[in-house]
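S.K.: Okay, here's the structure, questions in a sec.
No value in this document is a laboratory result; all are computed from the given coordinates. For clarity, every value in this text was computed on a predicted model and none was experimentally measured. Counting neighbours? That spans all protein chains shown, and the Cβs are built from the backbone with ideal geometry, glycine included.
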Amino acid sequence: HPPEWGFRADEAQHLSPAFPHQGSLRRQDLPACWMPIGVAMADSALLLRERSFVVPGFSRAVPVPDNHAVDIDYDADLQHCEALLANRAAAANVRLLGREIGPGRPCFVIAEAGVNHNGDPALALQLIDAAAACGADAVKFQTFCADAIVTGDAPKAQYQVDQTGGGSQQDMLRKLELPPAAWRQLKQRAAERGIAFLSTPFDPPSARLLAELGLDAFKISSGDLTCHPLLTQVAAAGRPMILSSGMADLDEVADAIDLLAGHPVALLHCVSSYPAPPEAANLRAMQTLAHRFAIPIGWSDHTPGHDITLAAVALGACIIEKHLTLDRGMPGPDHAASLDPAQFTAMMQAIRTVEAAMGDGLKRPHRCECEARRIARKSLAAARDLPLGHMLAADDLICLRPGEGLSPALLPSLVGRSLAAPLRARQLIAPHHLAGVQP
């Protein structure tokens, strides 16, 4: 590479030219510097037209570990790169709530009770019972102090206005708070019902409360993906974390994952609209996230019904989160966008059916096909009566069911062979009918 390809990087990884010592134009006389080898550039067309491919003080270097880097010159290099990405995504597993979560494992289903208790601890207990009865793996709530997370004049989202009428977001959230003493009772009820217990902290006091309660894992809402102080506080508890990524772009997700480097994390693709239209789901983004971050990826579903949920499972979602309510007609912001117990049970059964249908990816006959294979496939048969010693020609053979004789795929290899026994018209040909074949 020429010396003008040498660059210095500051603490923020911004690049600027590096120059050889005075009087030299040799690359070998450059100081320690960056030298792009197989460089990926992200830039605007305008900058590329007006400037060189590195803009001092603007362009940034992104260090890539050797085991994540492939120099792509030929098609084989590209295939190698795709294989590395697939292997990284397939190897992504995290131990969560006593289970291994990741590709090839049963999908971990979270019943999002959220605030569907309407501020009533007794209703929250019933939601735990319902989640367990539906077959969910975990039940999740939302822990917050309204005054700690929202200003007094913060507006409601339109769907919240539609479901709860006027008033401020703070007033609505105050009515949905649970008293601190209720959380231990809820966690105990979940243990009694054999279902994992989760909650999402929205503020520092709530994060401390849940940590002291001894939660085995934390869920972070989409709204707090960019609230790095809260992420740092929750991570300090040393428990696995599940991050939702609604409203986020890939860079914002990457910033959060980088902040939590070395911490066990799972990531949920999400569309933060209630309900979310199916055409907004963009489920292929799960594959993008899996390849980029090599951690378990799931789907936090706000679409109506469970059709999109099943599509996400078929595309490899390791975790599913879906809202659960006791009655979709109850007052409150999230009931209308939730599933009732009967609907949630149907979704669970469908998820397990889809999982069973995914198989192992090897193309081979299933044992349930054995009879159909014998009945529906064809065999080679004599087109007419053929005498002993007859040399077979192509027009001597026809293809007839059942598939108990020689496969029609073998026809070219039979042409020119002699018969070791006579054949009746439409009789299936077996190996012992051919001369030179041991019975």
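S.K.: Of P431, A372, L406, whose Cα points farthest to the positive end of the dipole of the range 351-439 (charges on the beta-carbon: +1 Lys, Arg; -1 Asp, Glu; origin at the Cα centre)?
M.R.: Value: A372.
S.K.: Roughly how far apart, in whole Å, are the Cα centres of the range 251-278 and the range 344-392?
M.R.: 42 Å
S.K.: Modelling each spin label as a point 7 Å along the Cα-to-Cβ direction, I'd like the R95/K363 distance in nm, to one decimal.
M.R.: 3.9 nm
S.K.: Beta carbons within 10 angstrom, averaged per residue: use that to sort the peptides 384-394, 360-370, highest first. Spell out each step's value before the answer.
M.R.: Working: 384-394: 13.4, 360-370: 7.5.
Averaged packing, sorted descending, gives the order 384-394, 360-370.
S.K.: How much length is gained if the chain between H80 and R401 is pulled fully straight, taking 0.36 nm per residue apart and subtracting their Cα-Cα distance, in nm to one decimal?
M.R.: Here the segment from H80 to R401 would lengthen by 111.1 nm.
S.K.: Still on this structure, please answer the following. Work out the length of the dipole vector of the chain about its Cα centre, built from +1 on the beta-carbon of each Lys and Arg and -1 on the beta-carbon of each Asp and Glu, and round it to the nearest 20 debye.
M.R.: Charge dipole of the chain: 1800 debye, to the nearest 20.
S.K.: Test of understanding: ordering E192, E355 by Cβ neighbours within 10 Å, fewest first, what list do you get? Mind dumping the intermediate values first?
M.R.: Details: E192 11, E355 15.
Starting with the residue having the fewest Cβ neighbours, the order is E192, E355.
S.K.: Mind checking which aspartates and glutamates have their C-alpha under 15 Å from K322, skipping anything on the same chain fewer than 8 residues away?
M.R.: Once the sequence-local aspartates and glutamates are set aside, what remains near K322 is E112, D137, D301, D307, D334, D340.
S.K.: Sorted by mean Cβ packing within 10 Å, highest first, what order do the peptides 407-415, 124-132 take?
M.R.: Output ranking for 407-415, 124-132: 124-132, 407-415.
S.K.: Rg and Dmax of the range 97-137, using alpha carbons, in Å: what are they?
M.R.: Just the Cα atoms of the range 97-137 yield Rg and Dmax of 12.7, 39 Å.
S.K.: About its Cα centre, how strong a charge dipole does the range 128-253 have in debye, to the nearest 20, once Lys and Arg get +1 and Asp and Glu get -1 at the Cβ?
M.R.: Using only the charged Cβ atoms, the result is roughly 480 debye.
S.K.: Whose amide H sits under 5 Å from the amide H of I319, counting only residues 5 or more places off or on another chain, with H placed in the peptide plane?
M.R.: F108, G298, W299
S.K.: In whole Å, what are the Cα extents of the range 302-397 along the three principal axes, biggest one first?
M.R.: That works out to 87, 23, 20 Å along the principal axes.
S.K.: Which of the peptides 310-317, 225-232 is most tightly packed, and how do the rest follow, going by the mean number of other Cβ atoms within 10 Å of each residue?
M.R.: Top to bottom by mean Cβ count within 10 Å: 310-317, 225-232.
S.K.: Normalised radius of gyration for the chain, please: alpha carbon Rg relative to 2.2 N^0.38 Å, two decimal places.
M.R.: Numbers: Rg = 31.6 Å, N = 439, 2.2 N^0.38 = 22.2 Å.
Output field value: 1.42.
S.K.: Considering all projection directions equally, how large on average is the shadow of the alpha-carbon convex hull of the range 250-365, in square nanometres?
M.R.: About 9.1 nm², averaged over all directions.
S.K.: Now for a different question. Hey, if you put +1 on the Cβ of every Lys and Arg and -1 on every Asp and Glu Cβ in the range 103-193, which of L125, G104, A136 ends up farthest toward the positive end of that dipole?
M.R.: Ranked along the dipole, the leading option is G104.
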